[in-house]
Amino acid sequence: MIIRWVSEDGKRKWIYPIKRDIYTKGKIVKQVSKKAKVIGITKVNIPSPMHPIIPYYVLLLEDEHSNRIPKKTMREYKIGEDYEISLATTDGAVIITKIKYDVYEYLKESIELLHNYGISPEDKILIKPSIIEPAYQYQSVTTNPELLDALITYLKEKGIKDIVVAEQAMLGNDTMASAKKSGILDVCKKHEISFVDLAKSEYIEKTYDNFNFRIAREILERKVINLPVMKTNSQIVISGAMENMLRIVDEETQKKMFKNDIEKTLPKLIKVVPEFLSIGDATIGLQAQGPTLLGEPAFLNMLFLSKDPVALDAVFTEASMLKKPHYLKIADVLGVGNCDTEKIEVIGDELEAIKCPLKAAENNASAHTNMKLIDGKANPYIFNIALKMTAKLVGLLGEEVNLVIGSFITKEMLQKKSRLVAYGKDAIEQMEKLGVKAIAEIPEEMGDIEKVILLKSILQNPNKENITVADNLKSKIIGLGMKVRKKF
């Protein structure tokens, strides 16, 4: 697709959006072309960090208005050939779209490439973005409000009036504060639609393979459009179409899913919910220490769309040159979707042409360089609070501390690790089963200030071999003092 912003008299063109002709103050007409001819070809044989797979070709395309644009491809073309993107022919197809300036036009084109996806004015739509923690748009942790705005605009143009946006934050974070900081609430206000906190929803039980899921009623009663941020995840490799649906269930169900191995239970959840469309937000994307603010913006400028969340995640994983998550393979076996990228129909930009290595997330990193996580797939609350505790201690020097969290801890994970601190019931119980002694056990019900004070004392005292009654008493007194100070 080639887009130009053209002056009213047709004498001037811009490749980027403008609202008024800067010379005449006249109106601007948007010129959109979906067909083009190949008028130039360059073959590239030298790899680069952003383009590691060779050989590839850079085409120079020209539309009927003589507008030109370069396009990367792995296929050989001839001068004069037509360049046009075909419609998807299968329900499990994945649409990949590179975005340049205009999110709305590229989103609209991508949706219209889908096979057999229809929406009507009678549909009740629920848009499920990703808003896990308070973060600004540019930090790429939450769904880009520009994409949400474009989607709502598209739906309204289709005559749909009943639209809600619904999400709950990662356990331990405030949903409304997260939605406000991300700009999502501003978009809802602009379009006069409701934002629903799924943490306060009424839940309906659904069962699969003897596992009970308490799912928000709105998810089961509306047509869902899933709007995840595509990013790395230190626990399960990536956060994408499947992971974003984790927060449609209540807090206890989320904790139970992790207790029973999230990589096995997540595919079961997808199995029991009605079919939904996923629009993967890689307008920026996140790499390195995702899925939280520890990650880095990836600047991908892409959208991934599919009615098959497994296929979407599989294509994104391969495009990012990351290892395939285990839960995708389990989902494939359960019949939830297709994770074999060789059998997935890819429409739009070619998968080989967009491949670019993202920085993978490490499963032991935290906000503090001297505090390492030993993560046995801890539930979101424990994982979130563990990261917050380490962030509170950034800037303090000390000896390395290993914070053990989650149920799936093995002796191999603890080998050659010293100064172990067990945080949360699951880690405490698992370390006792393994017969491994921790220098401290921090129960999750302890006050947040007390937790941080205890960790600080361990970090700054290299000779500390265990937490004493005096340490606990001191942390409680200091914690109480800080609470009193805050009140005044």
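The values are calculated or read from the model by the stated rules, or taken from the named source; none is laboratory data. Keep in mind that what you see is a predicted model, and the values were worked out from it rather than measured. Ideal geometry is used to build each Cβ from the backbone, glycine not excepted, and the neighbour counts take in all protein chains shown.
Could we say that V452 is assigned to a strand (DSSP E or B), under 29 Å from Q254 (Cα atoms) and of a type outside the set (G, A, S) here? No. Screening region 216-261 for strands (runs of 3 or more DSSP E) wholly inside it with 2 or more residues that are surrounded by fewer than 24 Cβ atoms within 10 Å (Cβ to Cβ) and touching a Leu at 6+ places or on another chain (Cβ under 9 Å) returns the ranges 223-227. One residue alone among K19, K78, K37 is touching a strand residue (DSSP E or B) at 6+ places or on another chain (Cβ under 8 Å) and either of a type in the set (A, V, I, L, M, F, W, C) or part of a strand (DSSP E or B) (or both), and that residue is K37. Exactly one residue among I119, I111, I125 is in the same structural domain as L312 (by TED's automatic domain parsing) and modelled with pLDDT under 95, and that residue is I119. In region 318-327, the condition of being over 13 Å from T232 (Cα atoms), in the same structural domain as I270 (by TED's automatic domain parsing) and of a type in the set (A, V, I, L, M, F, W, C) is met by no residue.
Taken residue by residue, region 128-136 has no member that is among the aromatic types (F, W, Y), in contact with a helix residue (DSSP H, G or I) (Cβ under 6 Å, 6 or more places away or on another chain) and without any contact (Cβ under 8 Å) to a residue 60 or more places away in the chain. May I ask you to list the residues in region 309-363 that are among the polar types (S, T, N, Q) and surrounded by fewer than 19 Cβ atoms within 10 Å (Cβ to Cβ)? Selection gives T341, N363.
Take the residues of region 186-205 that are buried (at least 18 other Cβ atoms within 10 Å of the Cβ) and in contact with a strand residue (DSSP E or B) (Cβ under 7 Å, 6 or more places away or on another chain): which is farthest from Y138 (Cα to Cα)? So, considering only residues that are buried (at least 18 other Cβ atoms within 10 Å of the Cβ) and in contact with a strand residue (DSSP E or B) (Cβ under 7 Å, 6 or more places away or on another chain), the one farthest from Y138 (Cα to Cα) is Y203.
From the list L393, L397, the lone residue that is more than 30 Å from L303 (Cα to Cα), surrounded by fewer than 16 Cβ atoms within 10 Å (Cβ to Cβ) and of a type in the set (A, V, I, L, M) is L397.
Residues in region 262-286 that are polar (S, T, N, Q) and assigned to a strand (DSSP E or B): S278, T283. Assess whether I204 counts as being touching a Leu at 6+ places or on another chain (Cβ under 9 Å) and of a type outside the set (K, R). Considered against the rule, which asks whether it is touching a Leu at 6+ places or on another chain (Cβ under 9 Å) and of a type outside the set (K, R), I204 comes out as yes.
Of the strands (runs of 3 or more DSSP E) that lie entirely inside region 106-214, those containing 1 or more residues that are hydroxyl-bearing (S, T, Y) span 194-197, 203-208. Residue pairs whose Cβ atoms lie under 8 Å apart, separated by 6 or more positions or on different chains, with the first residue in region 275-303 and farther than 23 Å from E362 by Cα and in the same structural domain as G337 (by TED's automatic domain parsing) and the second among the charged types (D, E, K, R) and modelled with pLDDT under 95, are N301/K100. When I428, I449, I405 are checked against the criterion of being closer than 20 Å to G172 by Cβ, surrounded by fewer than 20 Cβ atoms within 10 Å (Cβ to Cβ) and modelled with pLDDT of 95 or more, a single residue qualifies: I428. Return yes when P55 is surrounded by 19 or more Cβ atoms within 10 Å (Cβ to Cβ), farther than 24 Å from T153 by Cβ and not aliphatic (A, V, I, L, M) and no when it is not. For P55, the condition - surrounded by 19 or more Cβ atoms within 10 Å (Cβ to Cβ), farther than 24 Å from T153 by Cβ and not aliphatic (A, V, I, L, M) - is not met. Of the residues that make up region 62-73, is at least one among the aliphatic types (A, V, I, L, M), buried (at least 16 other Cβ atoms within 10 Å of the Cβ), over 21 Å from E342 (Cβ atoms) and over 27 Å from the mean Cα position of the chain (by Cα)? Scanning region 62-73, I find at least one residue that is among the aliphatic types (A, V, I, L, M), buried (at least 16 other Cβ atoms within 10 Å of the Cβ), over 21 Å from E342 (Cβ atoms) and over 27 Å from the mean Cα position of the chain (by Cα), so the answer is yes. Against the criterion of being in contact (Cβ under 8 Å) with a residue 24 or more places away in the chain and acidic (D, E), D332 does not qualify.
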